[in-house]
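Participant: Please find one structure pasted underneath; my questions will follow.
No value in this document is a laboratory result; all are computed from the given coordinates. Remember, it's a predicted structure, so these values are computed and weren't measured experimentally. Neighbour counts run over all protein chains shown; Cβ positions are idealised from the backbone, glycine included.
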Amino acid sequence: MDRSMKTPEMNIACRLNRCGLLLGVVISLGMSTEAWAQQTISGTVTDGSSGETLPYASILLEGTSRGTATNVDGYFVMVGVPADSVVLLVSFLGYTPLRLPIDTRTLTEPLAIELEPITSSFEEDIVVVAERYQMVKAAEGISKVTVSPKDLAVLPTAGEVDIFRSLQLLPGISGTNEGSAGLFVRGGTPDQNLVLLDGMTVYHVDHFYGFFSAFNADAIKDVQVYKGGFPAQYGGRTSSVVDLTGRTGANTLGGAASINLLSASAMLEVPVGTRSSLLLSARRSYTDVLQTGLYNNIYETITGEDITPEEQGGFGPPQGGNPLENQSVSPNFYFYDLNAKFTYRPTNRDVLGVSFYNGQDHLDKSRDLFGGRGGAFGGDATQNIESDLTDLTDWGNVGVSGKWSRQWHPRFYSNTLVAYSSYFSDYNRDAFIERRDADTDSVTFSNRFGTLEDNRVDDFTFRLDNEWQIRSERKLSFGMQYTASDIRYDFTRDDTLQVLNRDQSGQQMAFYLQTSGRPLPRLLPSVTVTNGMRVSYYDQVDDVYMEPRMSVSIGLTDRIKLKGAYGEFNQFVARVVNENVTEGARDFWLLADGDDVGVQTATHYIAGLSYETGTWLFDAEAYHKDLGGLTEFSLRFRPTRTEINADELFFTGDGIARGIEFLAQKKTGAHTGWLSYTLSEVEHTFEGLNDGDPFPALQDQLHELKLVNSIELSQEWMLSFTWTYASGKPYTAPESIYTIDLLDGTQQSYTHVGSKNGQRLPAYHRLDTSLQYRFPIGYEGDASGQIALSLFNLYNRSNVWYKEYDLSESPVGVTDYNFLGFTPNISFRVDF
Amino acid sequence: MILQTFNAWTMKQQPFLMPLALWMCAASVLTGCDSTADDDSDNLVVVEAFLYAGEPVDDIQLERTIPFGSSDTVGVPINDAFVRLIQDGVTYTLSSSGTDGRYAYVGDDLHVKAADVFTLDITYDGQHITAQTTVPPPPDNVQLSDNALIVPDLENDGFGSFGDLRDFFSVTWDNPSNEYHYVVIRSEATDNPDYILPDFVRGFIGNFELVTEPTTTNFYDILPLELEFIGQHEATVYRINTEYAELFENLEQDSRDLNEPPTNIEGGLGIFSAFNSVTIPFDVVRD
């Protein structure tokens, strides 16, 4: 071919190939000791119907315990495969497993393996040849769970198909946080979870005050959850990792649209040429246009306010004269999220991708009040009173990532990622009152009070991840990560009292090296060990952190596996708990500065045992975590008459989290699901809180039991229900009042707040159920529809969310704010 | 036969029965022990104890906190506590009044002096409450701007002289580090008091007792209107310890985050503090 005839696509391919040549030679030299009598096979695993690559799919060599998994781009390599006829067992969550006979001696091209989605367990012609999971795969590695987002629709929900809500049904992840989509994993808090969407860090995962997560399940194809002891390529968090991979788009035009009583969403997959694809998805609530009963229920649960309040005067009852002009105000609320992903494969060895995400929530409860002549606030008939209340809450995330994945050599794969992520949370409640003389219009009284809280996080990340399959039993992973973060937080009260104002910048650099495989394949073929080390430097404290990681898996028999993991973890950014006894907490992000906010540390010790058959999985894991550098923020101990010294409002401490989890899962058949039980304890110790005595953390729950069932009644009908029970969570409460006679002759009444988290809410339990009907649409049936009826909190349990105290009453008024009661929802979906 | 039929039916309905049975089992067990740990046992001791240099120990009061939900508006006095003051290794046992929760030392061997460190030790209902305070030094360089405060003769000079009631004189002290002080103005009781204000005015204005709020300044301006009688008075300036100043700073509790008032009482609530003072006499005379 003449050079001038090369297409741009081929030019890119040539340049990339030249770049890889030298690296390939180096790698090949490194592998010179390999026994080349054996074969290396590689390839990709994709969805047979859409062409979507399948990350983390399992490939096993039949008759052996050897296997591998695809990487995030669906690519795999298996070294040391006998030069003979062999059979590969390929499986992926939610797909029909494949038994693939191949002759490695005649292989000249990478394998292109296609898996078909499971459509029904009633299809008799399917021969189950390997493990066949639905929804959740929990036995892959220690503390690791894989979730299939496309199968989560069968679970009952309060409104939306929700990935994070579904994760809350797993053992070790608290399932009682209706007010937060964030995950409380093994005693950790949501900010201690590293949440990655196509490599970009997501700082806040809540929609609608946490009733739904910010991720549209239509845009996600795979979710990997590490509940602890996670590998060395992940860092910067101390509790867990949730790694979400967005869909890349199908090779044919397709899409889906759905609507429920809260929101509508659409997803479109567009092939662009033969080597590119585009996925677009959007979801928006229509709550600002139409308020359904479901929305009203959730809103009233969250705010404790009526959605259509009674005629109100704004700031208390008028005390004489003409009352303020009353207005009836309905809050304006909406949320939306957008996902876009463009994927381009210039060569068979390269994948270029750009992913974009934007999600936002907006709540406006502002109201303008204009009163004629009024007597409120000391006014009389000669006074005009004007007032307005601004009450705005906005929060959201914006993120974009660009990734280049390159297979330099069949055994060497690298990912280069550049990502930007931004989170903002703005709260502005500002009340303004002005009284004017009715005749002269001169201002006789003016006051402004309220709360302003703005928090912004900007995060730029560059990371390089490499995987080198050195030998058949040994894989080397290494890479680096650079993150630059800017965080701003402004907390002002009553227009002038600046409680806290921070503007921080920090950088961290990390390198990691990790080996995984069978250290003694002949002597101990069933022992798999992963060893890693992550080294981080954080400039705000000018220190280097060593983070050793290790996990071991020992197959005692074909069915029984012994597991263990150890790891040290550090976190340089924290979502600080802003304790508020009477109104609940409002948290904010800050960078660790080694002073007010310490670098968080955690050491994980995990041991487990699993017994697995083709149908059942029984799994138990015990964990112990030592925690350090925990931070709380409280105004509870501040002087009220003097200037606030912000340093005195931060409290740092440490803690422990420990527990044991049990899981019994039925993986296959018409009836699938699981029963899980977690016994756990989380205890914190802060020198400046609770007299230095240990106290239970807010997320501490002794017992948690979850039952998840999905029953396929026929090819069209699916019934599912979940039941959750958990011990009551702790809270801090004002307990008593007392008076002191001051020296100036006055008597002052004080409220005594009880011991930190010294009270317990009642136990939480809830039953949800859903019924789903699937049907073909169109003459050829190439589209499908789905109607689902979901009944949330079926027996209308009143689960207490928090208590509110009105100190202006005597005796003090106590109000229980409950989570959602019985809430039905119906949804309709079309896939084409 | 019936059993076989039942077995066949259960086999057929197995997908429904198993989870249902599991759920019913778990629900009955767990909700049966559904306990609310709302621990409302709060019976803390509130201490209100003040020592004054050079004065007898008789201003110590104990009462219990008022639990939420109680209809009480004042705390129940504690009259049966074992209360001791310890100073320099010597223990002084205080006596209870028996009715209003007040305790005093009846002996004459306890002297409160500057720089003395006192420990308050209370045993009550199995609780052990302690607190410590140090008697501060007296205020420095307390002075009056004049020897006497001259007030107008309202009855003879008429109401035109009311404006002169705004004239004041000052008590001052050295306070370079802005420490808290407060001022008490007292007048000696007489059988035939000579009031500053005419009877009909006095009836409207009411009581003239004067104890100032704590201040970090170095002066207090005494207005004639703040006083009651013509005659001998005395101005006492008290130096306040940190624990009382902090309590004063926290007079307001913000319901938005319910700040806990500071206390130097271990095992209880309230305050144990000491004061030292300097007193200067002055006359209030009619113009």
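Participant: Tell me, B:T216, A:T483 in order of fewest to most beta-carbon neighbours within 10 Å?
Facilitator: Values: B:T216 12, A:T483 23.
In order of increasing Cβ crowding within 10 Å: B:T216, A:T483.
Participant: Moving on. Binned at 10 Å from 0, what are the whole-percent values of the Cα-Cα distance distribution for segment A:754-832, short to long?
Facilitator: Bin by bin from 0 Å, the calculated values are 15, 27, 21, 16, 11, 7, 2, 0.
Participant: To the nearest 0.05, how large is the calculated FRET efficiency for A:T444 and B:T279 if R₀ is 56 Å and r is the Cβ-Cβ distance?
Facilitator: Numbers: r = 44 Å, r/R0 = 0.79.
Computed FRET efficiency for A:T444 and B:T279 comes out at 0.80.
Participant: Moving on to the next point. Using a Förster radius of 41 Å, what is the FRET efficiency between B:N192 and B:V76 based on their Cβ-Cβ separation? Nearest 0.05, please.
Facilitator: Working: r = 43 Å, r/R0 = 1.05.
Calculated transfer efficiency: 0.45.
Participant: Eigenvalues of the Cα gyration tensor times 5, then square-rooted: what semi-axes does that give for segment A:651-694, in whole angstrom, largest first?
Facilitator: 40, 8, 6
Participant: For A:754-760, what's the mean count of beta carbons from other chains sitting within 10 Å of each residue's beta carbon? All intermediate terms of the calculation are to be shown ahead of the outcome.
Facilitator: Working: counts 7, 2, 0, 0, 3, 5, 5.
So the per-residue partner count for this stretch is 3.
Participant: How compact and how long is segment A:380-534, expressed as Rg and Dmax of its alpha-carbon atoms in Å?
Facilitator: So, for segment A:380-534, Rg and Dmax equal 28.8, 99 Å respectively.
Participant: Give, in whole angstrom and from largest to smallest, the semi-axes √(5λ) of the equivalent ellipsoid of segment B:87-139, with λ running over the eigenvalues of the Cα gyration tensor. It would help to have the intermediate numbers written out before the result.
Facilitator: Details: eigenvalues 97, 43, 24 Å².
Ellipsoid semi-axes (Å, largest first): 22, 15, 11.
Participant: Let me ask something else about it. Quick check on the exposure proxy: order A:V529, B:V135, A:V289 from fewest to most C-beta atoms within 10 angstrom. Please report the intermediate quantities before stating the final value.
Facilitator: On the way: A:V529 17, B:V135 23, A:V289 9.
Ordered from fewest to most neighbouring Cβ atoms within 10 Å, A:V529, B:V135, A:V289 come out as A:V289, A:V529, B:V135.
Participant: With bins 5 Å wide starting at 0, give me the P(r) of segment A:661-747 over every alpha carbon pair, in whole percents.
Facilitator: 3, 11, 13, 12, 10, 10, 9, 8, 7, 5, 4, 3, 2, 2, 1, 1, 0
Participant: Sticking with this structure for a sec: Between A:L513 and A:A83, what is the label-to-label distance in nm when each label sits 7 Å out along the Cα-to-Cβ direction?
Facilitator: 3.3 nm
Participant: Per residue, how big is the convex hull of segment A:597-751 when only Cα atoms are used? Give it in Å³.
Facilitator: Details: hull volume 28.3 nm³, N = 155.
It comes to 183 Å³ per residue, whole-number rounded.
Participant: If I model segment A:492-562 as equal point scatterers sitting on the Cα atoms and use the Debye formula, what is log10 I(q)/I(0) at q = 0.13, 0.14, 0.15 Å⁻¹?
Facilitator: -0.62, -0.66, -0.70
Participant: Continuing with the same structure: In peptide A:726-734, what is the residue-averaged number of other protein chain Cβ atoms found within 10 Å of each Cβ? Walk me through the intermediate numbers first.
Facilitator: Numbers: counts 1, 5, 5, 0, 1, 1, 1, 6, 6.
The per-residue average across the peptide is 3.
Participant: If we sort A:106-112, A:463-469, A:78-84, A:409-415 on the protection proxy, mean other Cβ atoms within 10 Å, highest first, what's the order?
Facilitator: Details: A:106-112: 11.3, A:463-469: 19.9, A:78-84: 17.3, A:409-415: 21.4.
Those peptides, ordered most packed to least, come out A:409-415, A:463-469, A:78-84, A:106-112.
Participant: Shifting gears a bit: If you project the alpha carbons of segment A:686-832 onto the principal axes, what extent comes out on each, in Å, largest first?
Facilitator: Sorted largest first, the three principal extents are 90, 31, 26 Å.
Participant: Then there's this: Can you tell me the Rg and Dmax of segment A:156-299, counting just the alpha carbons, in angstroms?
Facilitator: Over segment A:156-299's Cα set, Rg and Dmax evaluate to 16.5, 48 Å.
Participant: Which value results for Rg/Rh of segment A:703-748 when Rg is the Cα radius of gyration and Rh the Kirkwood radius based on the inverse mean 1/r? Mind showing how you got there, number by number?
Facilitator: Working: Rg = 27.0 Å, Rh = 16.3 Å.
Radius of gyration over Kirkwood radius for segment A:703-748 works out to 1.65.
Participant: Right, here's the next one. Once you have the Kirkwood Rh of segment A:472-631 from its Cα pairs, apply Stokes-Einstein at 10 °C and 1.306 mPa s and quote D in µm²/s.
Facilitator: Numbers: Rh = 19.1 Å.
The diffusion coefficient I find is 83 µm²/s.
Participant: Among A:K221/A:K403; A:K144/A:K563; A:K625/A:K803, which pairs are too far apart, with a Cα-Cα distance over 20 Å?
Facilitator: Details: A:K221/A:K403 17 Å; A:K144/A:K563 11 Å; A:K625/A:K803 30 Å.
Long pairs (Cα-Cα over 20 Å): A:K625/A:K803.
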